[in-house]
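We did not get these values from a lab; they are worked out from the coordinates using the rules stated. Small disclaimer: the values here were computed from a predicted structure and weren't measured. Using ideal geometry, Cβ is built from the backbone for each residue, glycine included, and neighbour counts are taken over all protein chains shown.
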Amino acid sequence: MKPVLSAAIVIMTSAAFVCAGSRCRGQDDFEAAPILYSQTAPANRITQLQQSLQEGQVSLQHEAGTGYLRSLLTALQIPPESQCLVFSKTSLQLRRISPATPRAIYFSDDLYVGFCVAGDVLEISAADSRLGTVFYTLSQQPPASGPPVFQRQTDNCLVCHSSSRTEGIPGHLVRSLMVDPSGQPLLAAGSRNVNHTTPLADRWGGWYVTGLHGAQKHLGNLVVERDESFDSVDNSAGLNQTDLSGRFHTNSYLSGHSDIVALMVLEHQVLVHNRIARAAFTTREALHYEKALNEALQNAPGTRLESTTRRIQSAADKLVEALLFCGEAQLVAPIRGTSGFTRQFALPGPRDAQGRSLRDLDLQTRMFRYPCSYLVHSQAFRDLPEEMRDAVRARLQAVLSGQDQSPKFAHLTPNDRKAIREILQETEPAL
């Protein structure tokens with residue numbers, strides 16, 4: 001295989017090569033009141049599944065090669081078509097990862113599962129309404145007795161998943177960087193955080209990518225020699241690929257694909273999950289500080305401080321910008337995936353009376369037909385504190401009604417705003 005440039009993702013676990021075991025800045029903020037991250041009991045899809053396992057309502061089946069993976073995805077309703085493959089050594093089980101044995105990531109609207117061939121554990125992260133993101137591992141060895149047990153992880157994962165790169169909260173991180181043929185990151189070449197605003201030309205190195213995208217370039221399916229010039233790498237052999245079987249043993253995975261559409265959705269979703277968590281944390285912290293200050297100043301209980309309003313509005317504005325795809329990188333050619341993810345993703349809806357859904361993909365000039373994130377239907381979004389919901393609702397209404405004509409929302413045409421408003425009125429009336 002020709003040596004070329006690549007980049008990588010870090011989604012759920014610590015990236016030891018970046019943080020070198022030190023605690024990242026900002027972690028202490030959410031370990032204090034009112035968040036109390038490590039002390040607070042989680043409440044999410046994984047805690048629900050663990051309870052069902054303990055009560056014998058659900059069981060997980062262990063298979064040779066993939067362990068609990070297939071059964072876990074079924075129990076959590078995560079489609080195998082969502083599989084994305086990353087081959088940089090940038091996660092907890094970095095010894096297991098290389099271009100010959102990429103790490104697989106599967107995801108749904110509120111869950112991410114990481115799998116390594118011959119890995120010791122499955123890596124799981126769950127969106128949690130109170131705690132932002134909660135990280136778990138599940139041993140790939142069946143227990144001596146009783147059901148499998150999800151182990152919550154804090155220090156290891158929070159080393160890198162609680163910094164400015166993740167909005168300062170326990171969150172997810174998608175990165176782009178160069179790697180050598182063994183999968184080792186070449187940090188001297190730099191790195192980039194990736195979301196839906198990142199140009200395609202800067203995405204997907206360190207990933208395997210299957211799909212058609214015309215003349216648009218990207219950094220997928222590539223590795224680079226350490227002595228190679230990073231500025232002159234030719235990635236033509238990595239573009240518009242539909243078959244990965246010549247690159248590694250695809251039969252070790254649930255799918256032979258690393259779908260380009262799944263990758264794009266994943267990158268959008270990670271950004272919005274982090275913004276939702278940041279909005280929730282900011283509101284709770286602002287109200288906690290306000291209460292203490294009111295008591296110190298002997299103000300009437302519930303006196304609203306201007307600083308509280310500003311903090312909540314700032315976080316709400318950033319969340320709305322992510323929800324409405326501000327700054328989205330435009331497509332200059334159609335995108336087509338290979339795994340069936342595009343069809344699978346659109347199935348859950350919900351849909352309005354005209355059959356429209358925020359999950360309808362465009363993939364011609366932009367990612368979604370109606371550019372408002374489907375994560376407005378997520379539990380984490382619905383569970384935002386009332387003060388934050390009010391601020392987000394007001395900003396959305398101003399934008400979608402046309403009252404707010406800020407340049408950052410100029411990508412939304414009058415028809416876009418009308419369609420999104422109508423879809424929300426029927427499918428998420430609380431907005």
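Among 211, 429, 113, whose Cα sits farthest toward the positive end of the charge dipole of the chain (+1 at Cβ of Lys/Arg, -1 at Cβ of Asp/Glu, about the Cα centre)?
Working it through, the farthest residue towards the positive pole turns out to be 211.
Using the basic label-point model (7 angstrom from Cα toward the beta carbon), what is the residue 303 to residue 33 distance in nanometres?
It works out to 2.0 nm between the two label points.
Once label points are set 7 Å from the Cα along Cα→Cβ at both residue 418 and residue 217, what is their separation, rounded to one decimal in nm?
4.1 nm
Of the residues 373, 98, 252, which exhibits the maximal mean-square fluctuation in a Gaussian network model of the chain defined by a 10 Å Cα contact cut-off?
252
Please go through segment 215-294 and write out the trypsin sites (Lys or Arg not before Pro) that DSSP classes as loop and that have at most 14 other C-beta atoms within 10 Å. Before the final figure, lay out each step's value.
Values: sites: 217, 226, 247, 275, 278, 284, 291; in loops: 217, 226, 247.
Sparse-neighbourhood loop trypsin sites (Lys or Arg not before Pro): 226.
Say R0 is 25 Å: what FRET efficiency, to the nearest 0.05, do residue 292 and residue 43 get from their beta-carbon distance? It would help to have the intermediate numbers written out before the result.
Working: r = 26 Å, r/R0 = 1.04.
For residue 292 and residue 43, the calculated efficiency is 0.45.
Points 7 angstrom from Cα along the Cβ direction at residue 100 and residue 390: gap in nanometres?
Label-label distance for residue 100 and residue 390, simple model: 6.1 nm.
Would you please give the residues with an amide H less than 5 Å from that of residue 258, counting only those at least 5 places away or on a separate chain, with H modeled from the backbone geometry?
210
Which of the three applies to segment 16-260, rounded, prolate or oblate, going by the alpha-carbon gyration tensor with a ≥ b ≥ c and a/c under 1.5 meaning rounded?
Details: a/c = 1.98, a/b = 1.33, b/c = 1.49.
Judged from the Cα gyration tensor, segment 16-260 comes out oblate (a/c at least 1.5, b/c at or above a/b).
Of (i) 21.7, 71; (ii) 45.0, 148; (iii) 26.1, 84, which one was derived for Rg and Dmax of the Cα atoms in Å from the structure shown?
It is the one labelled (i).
Which of the three applies to segment 65-162, rounded, prolate or oblate, going by the alpha-carbon gyration tensor with a ≥ b ≥ c and a/c under 1.5 meaning rounded? If you can, show how the numbers build up before the last one.
Details: a/c = 1.22, a/b = 1.06, b/c = 1.15.
Cα axes put segment 65-162 in the rounded bin.
When the chain is treated as a GNM, springs tying every alpha-carbon pair under 10 Å, which of 260, 35, 276 comes out with the largest mean-square fluctuation?
Maximum among the listed residues: 35.
With each run of n ≥ 4 DSSP H residues scored as -39500 (n - 2.57), what mean residue ellipticity at 222 nm is computed for the chain after dividing by its residue count and rounding to the nearest 500 deg cm²/dmol?
Rounded to the nearest 500, it is -9000 deg cm²/dmol.
In whole Hz and in residue order, list the ³J(HN,Hα) couplings for segment 311-318 that follow from phi through the Karplus curve 6.51 cos²θ - 1.76 cosθ + 1.60, θ = phi - 60°; x for Gly and Pro.
5, 5, 5, 4, 5, 5, 4, 5
Most fluctuating residue of 173, 131, 347 in a GNM of the chain with Cα springs under 10 Å: which is it?
Among 173, 131, 347, the largest mean-square fluctuation in the Gaussian network model of the chain belongs to 347.
Over segment 202-321, what is the mean sequence separation of C-alpha contacts under 8 Å (at least six apart), divided by residue count, expressed as relative contact order in percent?
Details: 108 pairs, mean separation 24.2, N = 120.
Normalised by residue count, the contact order of segment 202-321 is 20 percent.
With a cut-off of 8 Å between alpha carbons and a minimum separation of six or more residues, what is the relative contact order of the chain in percent? Before the final figure, lay out each step's value.
Numbers: 888 pairs, mean separation 76.0, N = 431.
Relative contact order of the chain: 18 percent.
Return the long-range amide H neighbours of residue 193 (sequence gap of 5 or more, or a different chain), with a cut-off of under 5 Å between placed amide H atoms.
For residue 193, whose amide H was placed from the backbone, the distant partners under 5 Å are 176.
For segment 233-250, in order, what is each residue's ³J(HN,Hα) by Karplus, 6.51 cos²θ - 1.76 cosθ + 1.60 with θ = phi - 60°, in whole Hz (x at glycine and Pro)?
With the stated coefficients, segment 233-250 comes to 6, 9, 9, 4, 6, x, 9, 6, 8, 10, 9, 9, 5, x, 9, 6, 7, 5 Hz.
When the Karplus curve 6.51 cos²θ - 1.76 cosθ + 1.60 is applied with θ = phi - 60°, which whole-Hz ³J(HN,Hα) does each residue of segment 70-80 get, with x for Gly and Pro?
Listing the rounded values in order: 4, 5, 5, 4, 5, 4, 9, 6, 9, x, x Hz.
If you place +1 on the Cβ of every Lys and Arg, -1 on the Cβ of every Asp and Glu, and leave all else neutral, what size is the dipole of the chain about its Cα centre, to the nearest 20 Debye? Walk me through the numbers before you get to the answer.
On the way: 41 positive and 42 negative charges, 58 e Å.
The calculation lands at about 280 debye.
Compute the relative contact order of segment 16-260 as a whole-number percentage, counting only Cα pairs closer than 8 Å that sit 6 or more residues apart in sequence. Working shown, then result.
Numbers: 466 pairs, mean separation 47.8, N = 245.
Result for segment 16-260 is 19 percent.
Test of understanding: ordering 155, 29 by Cβ neighbours within 10 Å, fewest first, what list do you get?
On the way: 155 11, 29 14.
Lowest to highest Cβ neighbour count: 155, 29.
Starting from the amide H of residue 361, placed 1.01 Å from N in the peptide plane, find each other amide H under 5 Å away whose residue is 5 or more places distant or on another chain.
Correct list: 369.
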